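Scroll down for the structure; my scribbles are underneath it.
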Amino acid sequence: MPVSVAPPPGPSARVIVGLSGGVDSAVAALLLKESGWDVQGLFLSNWEDDDAYCTGAQDFQDARAVAKELGIVLHRASFAAEYRARVFGHFLREHHAGRTPNPDVLCNREIKFGVALTWARRLGASHFATGHYARLTAAADGAALCKALDAAKDQSYFLHAVAREQFEHTLMPLGELEKSAVRERARRAGIPVFDKPDSTGICFIGERPFREFLERFVSKSPGPIESSDGEQLGQHDGLAFYTLGQRAGLCIGGRPGRAEKPWYVAAKHAARNTLIVVQGHDHPLLAADALESGAWHWLAAPRREPFACTVKVRYRQSDQPAVLEPRADGTARIVFGAPQRAVTPGQYAVAYEGERCLGGAVIESVSSAVKARAAA
(Lines give C-alpha, C1' and ligand atoms only; values in the text may rest on other atoms or scores of the structure.)
Protein backbone atom coordinates (compact mmCIF):
# COMPACT_ATOMS: atom_id res chain seq x y z
CA MET A 1 0.00 0.00 0.00
CA PRO A 2 1.22 3.56 -0.68
CA VAL A 3 2.84 5.45 2.17
CA SER A 4 0.40 8.17 3.21
CA VAL A 5 1.40 11.81 2.78
CA ALA A 6 -0.79 12.75 5.75
CA PRO A 7 1.28 14.08 8.66
CA PRO A 8 1.75 12.00 11.81
CA PRO A 9 -0.09 13.15 14.94
CA GLY A 10 1.73 15.31 17.46
CA PRO A 11 4.72 17.62 17.09
CA SER A 12 6.57 15.61 14.40
CA ALA A 13 4.63 17.05 11.49
CA ARG A 14 7.40 19.16 9.95
CA VAL A 15 8.72 18.17 6.55
CA ILE A 16 11.56 19.81 4.66
CA VAL A 17 11.06 19.78 0.89
CA GLY A 18 14.08 20.00 -1.39
CA LEU A 19 13.00 22.96 -3.53
CA SER A 20 15.03 23.02 -6.75
CA GLY A 21 13.22 25.88 -8.45
CA GLY A 22 11.38 23.48 -10.75
CA VAL A 23 7.74 22.53 -11.01
CA ASP A 24 8.06 19.02 -9.55
CA SER A 25 9.45 20.00 -6.14
CA ALA A 26 7.06 22.98 -6.04
CA VAL A 27 4.02 20.71 -6.44
CA ALA A 28 5.44 18.26 -3.90
CA ALA A 29 5.55 21.13 -1.38
CA LEU A 30 2.04 22.25 -2.35
CA LEU A 31 0.54 18.78 -1.89
CA LEU A 32 2.20 18.28 1.48
CA LYS A 33 1.03 21.67 2.72
CA GLU A 34 -2.52 20.89 1.62
CA SER A 35 -2.27 17.57 3.50
CA GLY A 36 -1.56 19.38 6.77
CA TRP A 37 2.23 19.21 7.06
CA ASP A 38 4.32 22.02 8.47
CA VAL A 39 6.25 22.55 5.24
CA GLN A 40 9.57 24.33 4.87
CA GLY A 41 11.82 24.42 1.81
CA LEU A 42 15.52 23.77 1.38
CA PHE A 43 17.44 24.94 -1.67
CA LEU A 44 20.59 22.86 -2.18
CA SER A 45 23.66 24.40 -3.80
CA ASN A 46 25.89 21.58 -5.02
CA TRP A 47 28.02 23.33 -7.62
CA GLU A 48 29.86 26.63 -7.47
CA ASP A 49 30.61 27.49 -11.09
CA ASP A 50 29.06 30.76 -12.23
CA ASP A 51 28.94 30.74 -16.02
CA ALA A 52 26.47 30.75 -18.86
CA TYR A 53 25.69 27.05 -18.34
CA CYS A 54 25.08 27.14 -14.60
CA THR A 55 21.46 27.91 -13.74
CA GLY A 56 21.92 27.88 -9.95
CA ALA A 57 21.31 31.60 -9.45
CA GLN A 58 18.08 31.58 -11.48
CA ASP A 59 16.95 28.33 -9.87
CA PHE A 60 17.32 29.90 -6.43
CA GLN A 61 15.23 32.90 -7.47
CA ASP A 62 12.58 30.51 -8.81
CA ALA A 63 12.63 28.57 -5.54
CA ARG A 64 12.17 31.85 -3.63
CA ALA A 65 9.19 32.72 -5.82
CA VAL A 66 7.65 29.29 -5.16
CA ALA A 67 8.19 29.60 -1.41
CA LYS A 68 6.62 33.06 -1.41
CA GLU A 69 3.59 31.84 -3.35
CA LEU A 70 3.13 28.91 -0.96
CA GLY A 71 3.81 30.98 2.14
CA ILE A 72 6.60 28.76 3.44
CA VAL A 73 10.07 29.37 4.84
CA LEU A 74 12.95 28.71 2.45
CA HIS A 75 16.38 27.70 3.74
CA ARG A 76 19.51 27.64 1.61
CA ALA A 77 22.52 25.39 2.17
CA SER A 78 25.69 24.73 0.20
CA PHE A 79 26.78 21.11 -0.05
CA ALA A 80 29.39 21.89 -2.72
CA ALA A 81 32.29 20.54 -0.65
CA GLU A 82 30.48 17.27 0.05
CA TYR A 83 29.44 17.02 -3.59
CA ARG A 84 32.98 17.44 -4.90
CA ALA A 85 34.35 14.88 -2.44
CA ARG A 86 31.62 12.23 -2.66
CA VAL A 87 30.19 12.60 -6.17
CA PHE A 88 32.42 14.61 -8.48
CA GLY A 89 35.60 12.96 -7.22
CA HIS A 90 34.15 9.54 -8.07
CA PHE A 91 33.01 10.88 -11.47
CA LEU A 92 36.58 11.92 -12.34
CA ARG A 93 38.19 8.73 -11.03
CA GLU A 94 35.87 6.62 -13.15
CA HIS A 95 36.56 8.65 -16.29
CA HIS A 96 40.30 8.48 -15.68
CA ALA A 97 39.87 4.69 -15.56
CA GLY A 98 38.08 4.73 -18.92
CA ARG A 99 34.67 3.90 -17.43
CA THR A 100 31.36 5.76 -17.73
CA PRO A 101 29.89 6.77 -14.34
CA ASN A 102 26.39 7.96 -13.49
CA PRO A 103 26.81 10.77 -10.92
CA ASP A 104 23.06 11.28 -10.47
CA VAL A 105 22.86 7.96 -8.60
CA LEU A 106 25.56 9.05 -6.16
CA CYS A 107 24.03 12.52 -5.81
CA ASN A 108 20.82 10.95 -4.55
CA ARG A 109 22.61 8.62 -2.14
CA GLU A 110 25.23 11.00 -0.79
CA ILE A 111 23.63 14.45 -1.05
CA LYS A 112 19.84 14.53 -1.38
CA PHE A 113 19.17 11.57 0.91
CA GLY A 114 22.42 11.88 2.82
CA VAL A 115 23.59 15.28 4.01
CA ALA A 116 20.34 17.03 3.02
CA LEU A 117 18.26 14.61 5.07
CA THR A 118 20.60 15.20 8.03
CA TRP A 119 20.19 18.94 7.52
CA ALA A 120 16.41 18.56 7.50
CA ARG A 121 16.53 16.83 10.88
CA ARG A 122 18.59 19.69 12.26
CA LEU A 123 15.77 21.97 11.18
CA GLY A 124 13.37 19.97 13.34
CA ALA A 125 11.80 17.89 10.58
CA SER A 126 10.76 14.28 10.88
CA HIS A 127 10.74 13.81 7.11
CA PHE A 128 12.47 14.99 3.95
CA ALA A 129 10.51 15.24 0.70
CA THR A 130 11.44 15.55 -2.96
CA GLY A 131 9.78 15.89 -6.34
CA HIS A 132 11.06 12.54 -7.57
CA TYR A 133 8.76 10.37 -9.66
CA ALA A 134 8.79 7.16 -7.62
CA ARG A 135 6.57 5.55 -5.01
CA LEU A 136 7.35 4.42 -1.49
CA THR A 137 5.06 1.67 -0.24
CA ALA A 138 4.75 -0.10 3.07
CA ALA A 139 5.88 -3.72 2.72
CA ALA A 140 6.07 -6.43 5.36
CA ASP A 141 9.86 -5.99 5.51
CA GLY A 142 9.84 -2.17 5.58
CA ALA A 143 9.70 0.68 3.08
CA ALA A 144 9.71 -0.51 -0.54
CA LEU A 145 10.80 1.61 -3.50
CA CYS A 146 8.46 1.18 -6.47
CA LYS A 147 8.10 2.63 -9.93
CA ALA A 148 6.10 5.79 -10.47
CA LEU A 149 2.65 5.74 -12.00
CA ASP A 150 4.05 7.81 -14.90
CA ALA A 151 6.33 5.24 -16.53
CA ALA A 152 7.89 7.86 -18.80
CA LYS A 153 9.07 9.87 -15.77
CA ASP A 154 9.87 7.04 -13.35
CA GLN A 155 13.11 7.77 -11.46
CA SER A 156 13.42 4.66 -9.32
CA TYR A 157 16.54 3.71 -11.33
CA PHE A 158 18.35 6.76 -9.90
CA LEU A 159 17.19 6.00 -6.35
CA HIS A 160 18.25 2.36 -6.08
CA ALA A 161 21.48 3.15 -4.14
CA VAL A 162 19.84 5.18 -1.34
CA ALA A 163 20.19 3.55 2.08
CA ARG A 164 16.93 1.76 2.75
CA GLU A 165 16.48 3.24 6.22
CA GLN A 166 16.49 6.72 4.65
CA PHE A 167 13.24 5.91 2.88
CA GLU A 168 11.56 5.52 6.28
CA HIS A 169 11.94 9.31 6.64
CA THR A 170 11.20 10.26 3.03
CA LEU A 171 8.10 11.43 1.18
CA MET A 172 7.63 11.43 -2.61
CA PRO A 173 4.19 12.90 -3.25
CA LEU A 174 4.42 12.78 -7.06
CA GLY A 175 4.70 9.02 -7.38
CA GLU A 176 0.99 8.57 -8.09
CA LEU A 177 0.72 11.46 -10.59
CA GLU A 178 1.31 11.93 -14.30
CA LYS A 179 3.66 14.77 -15.24
CA SER A 180 0.88 16.53 -17.14
CA ALA A 181 -1.25 16.51 -13.98
CA VAL A 182 1.63 17.99 -11.98
CA ARG A 183 1.97 20.92 -14.37
CA GLU A 184 -1.78 21.49 -14.40
CA ARG A 185 -1.89 21.41 -10.61
CA ALA A 186 0.88 24.01 -10.49
CA ARG A 187 -0.89 26.21 -13.03
CA ARG A 188 -4.17 26.14 -11.11
CA ALA A 189 -2.36 26.98 -7.87
CA GLY A 190 -0.62 29.98 -9.44
CA ILE A 191 2.87 28.55 -8.97
CA PRO A 192 5.11 30.70 -11.19
CA VAL A 193 7.24 27.84 -12.54
CA PHE A 194 4.30 25.74 -13.80
CA ASP A 195 5.66 25.85 -17.37
CA LYS A 196 9.39 25.88 -16.61
CA PRO A 197 11.21 23.33 -18.83
CA ASP A 198 12.60 20.23 -17.13
CA SER A 199 16.31 20.23 -16.47
CA THR A 200 18.34 17.82 -18.58
CA GLY A 201 21.78 16.31 -18.43
CA ILE A 202 24.12 15.77 -15.50
CA CYS A 203 23.42 18.31 -12.79
CA PHE A 204 26.86 19.98 -12.67
CA ILE A 205 27.26 20.03 -16.44
CA GLY A 206 23.85 21.33 -17.44
CA GLU A 207 23.45 22.11 -21.12
CA ARG A 208 27.16 22.66 -21.78
CA PRO A 209 28.95 20.28 -24.19
CA PHE A 210 30.04 17.28 -22.17
CA ARG A 211 33.39 16.86 -23.95
CA GLU A 212 34.25 20.52 -23.38
CA PHE A 213 33.53 20.17 -19.67
CA LEU A 214 35.46 16.93 -19.20
CA GLU A 215 38.57 18.34 -20.89
CA ARG A 216 38.88 20.84 -18.04
CA PHE A 217 39.64 17.97 -15.64
CA VAL A 218 40.93 15.05 -17.73
CA SER A 219 44.04 15.37 -19.90
CA LYS A 220 44.03 14.02 -23.43
CA SER A 221 45.81 10.69 -23.93
CA PRO A 222 45.77 9.94 -27.67
CA GLY A 223 45.84 6.40 -28.99
CA PRO A 224 44.74 4.32 -31.97
CA ILE A 225 41.21 3.59 -33.10
CA GLU A 226 41.06 0.07 -34.49
CA SER A 227 38.44 -2.07 -36.15
CA SER A 228 37.57 -5.41 -34.58
CA ASP A 229 39.85 -7.11 -37.11
CA GLY A 230 42.85 -4.94 -36.20
CA GLU A 231 42.87 -2.27 -38.92
CA GLN A 232 43.92 1.16 -37.63
CA LEU A 233 41.25 3.65 -38.63
CA GLY A 234 42.20 6.81 -36.81
CA GLN A 235 43.22 8.27 -33.50
CA HIS A 236 41.24 8.96 -30.34
CA ASP A 237 41.92 11.70 -27.78
CA GLY A 238 41.77 9.49 -24.71
CA LEU A 239 39.58 6.59 -23.62
CA ALA A 240 37.94 8.80 -20.99
CA PHE A 241 36.15 10.79 -23.70
CA TYR A 242 34.26 7.85 -25.22
CA THR A 243 31.59 5.42 -24.07
CA LEU A 244 30.40 2.08 -25.38
CA GLY A 245 27.84 2.40 -28.15
CA GLN A 246 28.95 5.95 -29.00
CA ARG A 247 28.71 7.01 -32.63
CA ALA A 248 29.44 10.74 -32.69
CA GLY A 249 32.91 12.21 -32.52
CA LEU A 250 34.91 9.28 -33.93
CA CYS A 251 35.95 11.19 -37.08
CA ILE A 252 36.51 8.02 -39.09
CA GLY A 253 34.34 8.51 -42.15
CA GLY A 254 34.17 6.15 -45.08
CA ARG A 255 36.92 3.58 -45.62
CA PRO A 256 37.89 1.87 -48.89
CA GLY A 257 36.61 -1.68 -48.95
CA ARG A 258 34.27 -1.08 -46.00
CA ALA A 259 30.50 -0.92 -46.00
CA GLU A 260 28.84 2.48 -45.89
CA LYS A 261 27.70 2.12 -42.31
CA PRO A 262 28.37 4.30 -39.25
CA TRP A 263 31.01 3.26 -36.71
CA TYR A 264 30.31 2.65 -33.03
CA VAL A 265 32.55 2.17 -29.99
CA ALA A 266 32.51 -1.53 -29.07
CA ALA A 267 35.33 -1.80 -26.51
CA LYS A 268 38.20 -0.04 -24.77
CA HIS A 269 41.56 -1.75 -24.32
CA ALA A 270 43.15 0.19 -21.49
CA ALA A 271 46.46 -1.70 -21.55
CA ARG A 272 47.01 -0.70 -25.21
CA ASN A 273 45.12 2.60 -24.92
CA THR A 274 43.09 1.46 -27.91
CA LEU A 275 39.50 2.14 -28.90
CA ILE A 276 37.80 -0.72 -30.76
CA VAL A 277 35.00 0.21 -33.17
CA VAL A 278 32.55 -1.74 -35.31
CA GLN A 279 30.12 -0.87 -38.07
CA GLY A 280 26.37 -0.97 -37.65
CA HIS A 281 24.08 -0.10 -34.75
CA ASP A 282 23.33 -3.76 -34.07
CA HIS A 283 26.77 -5.26 -34.61
CA PRO A 284 27.12 -8.47 -32.51
CA LEU A 285 30.18 -7.10 -30.68
CA LEU A 286 27.99 -4.38 -29.20
CA ALA A 287 25.82 -6.99 -27.46
CA ALA A 288 26.32 -8.61 -24.06
CA ASP A 289 24.79 -11.83 -22.79
CA ALA A 290 25.72 -11.27 -19.16
CA LEU A 291 27.40 -8.85 -16.75
CA GLU A 292 29.36 -9.00 -13.51
CA SER A 293 28.42 -6.42 -10.88
CA GLY A 294 30.10 -4.92 -7.89
CA ALA A 295 28.65 -5.20 -4.39
CA TRP A 296 24.86 -5.41 -4.63
CA HIS A 297 22.82 -2.85 -2.70
CA TRP A 298 19.57 -4.51 -1.66
CA LEU A 299 16.31 -2.64 -1.16
CA ALA A 300 14.60 -5.89 -0.17
CA ALA A 301 15.62 -8.91 1.85
CA PRO A 302 18.90 -10.11 0.24
CA ARG A 303 18.53 -13.13 -2.01
CA ARG A 304 20.96 -16.02 -1.71
CA GLU A 305 19.94 -18.13 -4.71
CA PRO A 306 19.55 -17.29 -8.42
CA PHE A 307 16.13 -15.90 -9.31
CA ALA A 308 14.27 -14.47 -12.29
CA CYS A 309 13.63 -10.74 -12.38
CA THR A 310 13.82 -7.81 -14.77
CA VAL A 311 16.83 -5.51 -15.07
CA LYS A 312 17.62 -2.07 -16.42
CA VAL A 313 21.21 -1.22 -17.37
CA ARG A 314 20.39 2.41 -18.20
CA TYR A 315 17.72 4.97 -17.42
CA ARG A 316 14.61 4.85 -19.64
CA GLN A 317 15.41 1.34 -20.80
CA SER A 318 12.44 -0.99 -20.78
CA ASP A 319 12.60 -3.84 -18.28
CA GLN A 320 14.70 -6.73 -19.58
CA PRO A 321 14.08 -10.33 -18.41
CA ALA A 322 17.13 -11.74 -16.66
CA VAL A 323 18.38 -14.15 -14.01
CA LEU A 324 20.25 -12.57 -11.11
CA GLU A 325 22.82 -14.84 -9.49
CA PRO A 326 23.90 -13.50 -6.06
CA ARG A 327 27.39 -14.44 -4.91
CA ALA A 328 28.76 -15.05 -1.45
CA ASP A 329 31.02 -11.98 -1.62
CA GLY A 330 28.02 -9.67 -2.17
CA THR A 331 28.53 -9.22 -5.91
CA ALA A 332 26.26 -10.69 -8.57
CA ARG A 333 26.17 -12.06 -12.08
CA ILE A 334 23.24 -11.17 -14.31
CA VAL A 335 22.39 -13.33 -17.31
CA PHE A 336 20.04 -11.67 -19.79
CA GLY A 337 17.16 -13.40 -21.50
CA ALA A 338 18.23 -11.68 -24.74
CA PRO A 339 21.53 -9.94 -25.63
CA GLN A 340 21.70 -6.30 -24.50
CA ARG A 341 23.32 -3.50 -26.50
CA ALA A 342 26.21 -1.41 -25.15
CA VAL A 343 26.13 -2.56 -21.52
CA THR A 344 28.67 -0.18 -20.01
CA PRO A 345 31.06 -0.68 -17.06
CA GLY A 346 30.68 2.14 -14.56
CA GLN A 347 26.95 2.42 -15.13
CA TYR A 348 24.39 0.63 -12.93
CA ALA A 349 22.37 -2.54 -13.24
CA VAL A 350 19.09 -2.19 -11.34
CA ALA A 351 16.75 -5.12 -10.67
CA TYR A 352 12.96 -5.16 -10.37
CA GLU A 353 10.32 -7.64 -9.33
CA GLY A 354 7.15 -6.30 -10.86
CA GLU A 355 6.90 -2.66 -9.81
CA ARG A 356 9.28 -3.01 -6.88
CA CYS A 357 12.93 -2.02 -7.15
CA LEU A 358 15.10 -4.68 -5.51
CA GLY A 359 18.32 -2.65 -5.63
CA GLY A 360 21.31 -2.48 -7.90
CA ALA A 361 25.06 -2.32 -8.33
CA VAL A 362 27.81 -0.91 -10.52
CA ILE A 363 28.47 -2.84 -13.73
CA GLU A 364 32.06 -4.08 -13.54
CA SER A 365 32.39 -6.14 -16.74
CA VAL A 366 30.33 -7.73 -19.50
CA SER A 367 30.59 -10.95 -21.46
CA SER A 368 29.13 -12.59 -24.55
CA ALA A 369 29.75 -15.64 -26.64
CA VAL A 370 30.50 -13.46 -29.69
CA LYS A 371 33.10 -11.41 -27.82
CA ALA A 372 34.67 -14.56 -26.42
CA ARG A 373 35.07 -16.02 -29.93
CA ALA A 374 36.48 -12.71 -31.23
CA ALA A 375 39.07 -12.62 -28.45
CA ALA A 376 40.13 -16.23 -28.98
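The values are calculated or read from the model by the stated rules, or taken from the named source; none is laboratory data. The model shown is predicted, which means the values in this text are computed figures rather than measured ones. Glycine also receives a Cβ, built like all others from the backbone with ideal geometry; neighbour counts cover every protein chain displayed. Just so you know, the surface numbers come from the protein's heavy atoms only, side chains and all, with ligands and any DNA or RNA stripped out. Shrake-Rupley method; radii C 1.70, N 1.55, O 1.52, S 1.80 Å.
Annotations for the structure displayed:
- Within region 101-145, tally of residues that are out of contact with any helix residue (DSSP H, G or I) (no Cβ under 7 Å at 6 or more places or on another chain) and closer than 30 Å to Thr344 by Cβ: 6
- Close pairs from region 74-89: first touching a residue at least 24 places away in the same chain (Cβ under 8 Å) and under 26 Å from Arg14 (Cβ atoms), partner open to solvent by less than 50 Å² (accessible area, probe 1.4 Å) and among the hydrophobic types (A, V, I, L, M, F, W, C), Cβ under 6 Å, at least 6 apart: Leu74/Ala67; His75/Leu42; Arg76/Phe43; Phe79/Leu44; Phe79/Ile111; Phe79/Val115; Glu82/Val115; Tyr83/Ile111
- Sole residue being open to solvent by 20 Å² or more (accessible area, probe 1.4 Å) and not in a strand (DSSP E or B), chosen from Leu250, Leu244: Leu244
- Meets criteria (β-branched (Val, Ile, Thr) and modelled with pLDDT under 95) for Val3: yes
- Remark: pairs (first residue in region 295-312, farther than 23 Å from Pro339 by Cα and open to solvent by less than 60 Å² (accessible area, probe 1.4 Å); second residue among the charged types (D, E, K, R) and at pLDDT below 95; Cβ separation under 8 Å; 6+ apart in sequence or on different chains) = Trp298/Arg164; Leu299/Arg164; Ala300/Asp141; Ala301/Asp141.
- Filtered residues of region 271-282 (kept if under 27 Å from the mean Cα position of the chain (by Cα) and open to solvent by less than 60 Å² (accessible area, probe 1.4 Å)): Leu275, Ile276, Val277
- Within region 187-199, residues that are more than 27 Å from Asp104 (Cα to Cα) reach partners that are open to solvent by less than 50 Å² (accessible area, probe 1.4 Å) with beta carbons closer than 7 Å, at six or more positions or on different chains, in the pairs Ala189/Leu30.
- Some residue of region 326-333 being surrounded by 15 or more Cβ atoms within 10 Å (Cβ to Cβ), among the hydrophobic types (A, V, I, L, M, F, W, C) and either touching a residue at least 12 places away in the same chain (Cβ under 8 Å) or not in a strand (DSSP E or B) (or both): yes
- Only one of the numbered conditions (1) more than 19 Å from His169 (Cα to Cα); (2) open to solvent by 20 Å² or more (accessible area, probe 1.4 Å); (3) assigned to a helix (DSSP H, G or I); (4) out of contact with any Phe, Trp or Tyr (no Cβ under 9 Å at 6 or more places or on another chain) is violated by Val66, and that is (2).
- Restricting Lys268, Lys261 to residues that are among the charged types (D, E, K, R), over 24 Å from Gly337 (Cα atoms) and either open to solvent by less than 20 Å² (accessible area, probe 1.4 Å) or assigned to a strand (DSSP E or B) (or both) narrows the list to Lys268.
Here is a yes/no grid of residues against (1) out of contact with any Cys (no Cβ under 7 Å at 6 or more places or on another chain); (2) modelled with pLDDT under 95:
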position	(1), (2)
Ser45	yes, yes
Gly56	yes, yes
Ala67	yes, no
Gly71	yes, no
Leu74	yes, no
Val87	no, yes
Gly98	yes, yes
Arg109	yes, no
Ser126	yes, yes
